[in-house]
Amino acid sequence: MSLKHQVKPTTEIPAPAPASTSTGKALAALRIAVGTLFLWAFLDKLFGFGYATQSGGAWINGGSPAKGFLGHVDVGPFQSLLRAMAGSTLVDALFMLGLAGVGIAVLLGVALRISAIAGTVMMALMWIAEWPLAQHTSAGAPSASTNPLIDYHVVYALALIVFAVALAGHTWGLGRRWADLKLVRANRWLL
């Protein structure tokens, strides 16, 4: 075979995985819902809308976004370490960056591979903090764990992974435009 006829590596954008438009729309609806969930958590912790975070505990008012969650960890082998991290400026900043970054990217349908990794790491850390394997807290009270393995953290992580694999941002999102950027075409991990 001559050099002229050798196959060149392609940088073409792979076709989205959904087999039908209804599948693509269903994944897009789920993607938008999950992205909104992450972004809402960020906004509520930032501004204190009174849902999970009261106004006085808002980040902009000097509150600690992760302190309420980490400060009350009372199960699992890492409870002392996690409680010690509560109120840390670095932990708060990383937590908020993760919520905002994953929320915006998933909502827009861009950088879904990075979002899947970041969101899965965040969900794994939160799963560890809630330690659903425990039936009782360190004080002996029921832990309220409903399932020792699969809880909402695992479901969110799996959804993020499915969005990335299925290129779910191509439907009702900016995924195609994102994938068309020169930087993304040259660095497929940015998809």
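Residue by residue, here is whether (1) part of a loop (DSSP other than H, G, I, E, B); (2) surrounded by fewer than 19 Cβ atoms within 10 Å (Cβ to Cβ) holds:
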{"position": "Met96", "(1), (2)": "no, yes"}
{"position": "Leu99", "(1), (2)": "no, no"}
{"position": "Ile114", "(1), (2)": "no, yes"}
{"position": "Ala124", "(1), (2)": "no, yes"}
{"position": "Leu133", "(1), (2)": "yes, yes"}
{"position": "Ile150", "(1), (2)": "yes, yes"}
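Does Val162 satisfy being more than 19 Å from Gly48 (Cα to Cα), in contact (Cβ under 8 Å) with a residue 60 or more places away in the chain and surrounded by fewer than 18 Cβ atoms within 10 Å (Cβ to Cβ)? Yes; evaluated as a whole, the condition is true for this residue.
For the range 166-188, give me the residue count where each residue is closer than 16 Å to Val102 by Cβ and assigned to a helix (DSSP H, G or I).
Qualifying residue count, the range 166-188: 4.
Got a sec? Which of Ile60, Ile32 is outside any loop (DSSP other than H, G, I, E, B), under 27 Å from Trp189 (Cβ atoms) and out of contact with any strand residue (DSSP E or B) (no Cβ under 6 Å at 6 or more places or on another chain)? Criteria check complete, one pass: Ile32.
For the range 74-107, which residues satisfy the criterion of being of a type in the set (A, V, I, L, M), farther than 21 Å from Gly119 by Cβ and out of contact with any Gly (no Cβ under 7 Å at 6 or more places or on another chain)?
Those that are of a type in the set (A, V, I, L, M), farther than 21 Å from Gly119 by Cβ and out of contact with any Gly (no Cβ under 7 Å at 6 or more places or on another chain): Val75, Leu81, Ala84.
Is it the case that some residue within the range 15-23 is assigned to a loop (DSSP other than H, G, I, E, B), modelled with pLDDT of 95 or more and surrounded by fewer than 17 Cβ atoms within 10 Å (Cβ to Cβ)? Within the range 15-23, not a single residue is assigned to a loop (DSSP other than H, G, I, E, B), modelled with pLDDT of 95 or more and surrounded by fewer than 17 Cβ atoms within 10 Å (Cβ to Cβ). Could you say which residue among Ile117, Ile161, Ile104, Ile128 is under 9 Å from the mean Cα position of the chain (by Cα) and either more than 30 Å from Leu191 (Cα to Cα) or modelled with pLDDT of 95 or more (or both)? Answer to the selection: Ile117.
The values are calculated or read from the model by the stated rules, or taken from the named source; none is laboratory data. None of the values given here were measured: they were computed from a predicted structure. Note: ideal-geometry Cβ built from the backbone for every residue, glycine included; neighbour counts use all protein chains shown.
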